[in-house]
1. Give the residues of region 318-356 that are of a type in the set (S, T, N, Q), within 24 Å of Ile200 (Cα to Cα) and loosely packed, with under 13 Cβ neighbours inside 10 Å, sorted by residue number.
2. Name the pairs whose Cβ atoms lie under 7 Å apart, with the first residue in region 318-346 and of a type in the set (Lys, Arg), the second assigned to a loop (DSSP other than H, G, I, E, B), and 6 or more positions between them or separate chains?
3. Looking at (1) over 16 Å from the mean Cα position of the chain (by Cα); (2) in a strand (DSSP E or B), which is the only condition His206 fails?
4. What number of residues within region 265-316 are outside any loop (DSSP other than H, G, I, E, B) and within 19 Å of Asn173 (Cβ to Cβ)?
5. Could you please find all residues in region 106-121 being more than 15 Å from Leu19 (Cα to Cα) and either modelled with pLDDT of 75 or more or surrounded by 10 or more Cβ atoms within 10 Å (Cβ to Cβ) (or both)?
6. Can you say whether Glu186 is of a type in the set (Asp, Glu) and touching a residue at least 60 places away in the same chain (Cβ under 8 Å), as far as the supplied structure shows?
7. Give the residues of region 242-269 that are within 20 Å of the chain's Cα centre (by Cα) and of a type in the set (Phe, Trp, Tyr), sorted by residue number.
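The values are calculated or read from the model by the stated rules, or taken from the named source; none is laboratory data. Please read these numbers as outputs of a predicted model, since none were measured by experiment. Using ideal geometry, Cβ is built from the backbone for each residue, glycine included, and neighbour counts are taken over all protein chains shown.
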Amino acid sequence: MFDSGSYFFIIISLSGGLLALLSAVGIFVSLIIQRRVERLQDILEELLDLSYANEFNTSTKIQNLIYKYQMQYNLPVKPIKSVLAYITLTIVFTILFWAWLLFLIFKPPFKWNSLVYLFPMVAITAIMIFYRHLIKSAVNPIGHHMFKSIIPAPRFLRSIAFLSSHINVAAANIISQARPLPVIREKAPNVRSVVLKEEIPFDDYHYYFSLYHEEEIFFIGFGHMKIDLDDDPITGKPRPTARNLNIPLGELDLNSNKNILEAVFLVFPKGEKYPVQFKFILEKESRVYCAPQPPAVSLNHLITYCFDNNHLRIISNQAGRIFSFIPKIIPADSTRWYKTSMQDHPLKENSIPYED
């Protein structure tokens, strides 16, 4: 027969040993997470440095950085499950040891005031469960909101709203790296589709697009640009970015023999007050209008805006007739609207973006 005092000492020693191992695992995981966070932040800083670069085309570098960020962001699932399984077993065995110890020292009869002695055990159990949730969130931050501020998902690295709101980034330069390019394609006789091509699919921004010639406006489009990229259909790998994306903006009936059209594309970054303006000269080639020369990029200081509950609100618009059709409020509902000179009310564009 074991001595009761020695037996209690053994139970307490076992519990202490398990908790020491749990602490060692926590230190080991924290070192791994620290190294992981440092590498992710280094990649993010490198991406921000590119936003201030004078080079015109750094889209390939930006895309490679996003893929590199995703590789560091996504950990293999099996090691994560093994670590969480060990932490769970440690907590369960520790609680069982404590419960068995309380059962051994319990002396009947039962009194309700004896429940007070269970309070330390309940409190420590709650702390350990929270500790497990904290480790789970740190090891696998996907789907958890606790570490989004320091470890944003790879998808946010192409979000204009995120980059311009939370980081001091040159919004005009980073948007220019998407290399937006409007193309007017013939879809049917006298019916043309307006498509915005982006080399890198930067999104999560409000926009306004106008197609005109001198004072005659043929087409306007506006809305909230949001692009959801599906996983690779063959490998199943997540795609944080893509190349050469075509974004339908709408359709128009264009029965014009003009060989040159003008287009202006406004982007409203969330952390700014003046929109970024891209001005294009479109030339007709066969049955397609495209811009052979790079656009003129500038800030339109005649338009002032702000955001109210993520909705764009125009404060002041003194930019002239071409910009007079910008709605006072554009909601952040991930929809694209367009209107032609033949329409009284804007229509919703439901076509999804596609790659070349």
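1. Passing the criteria: only Asn350.
2. These pairs meet every condition: Arg321/Glu215; Lys339/Pro346.
3. (1)
4. 13
5. Scanning region 106-121 gives Phe106, Ser114, Leu115, Tyr117, Leu118, Pro120.
6. Answer is yes for this residue.
7. Phe268
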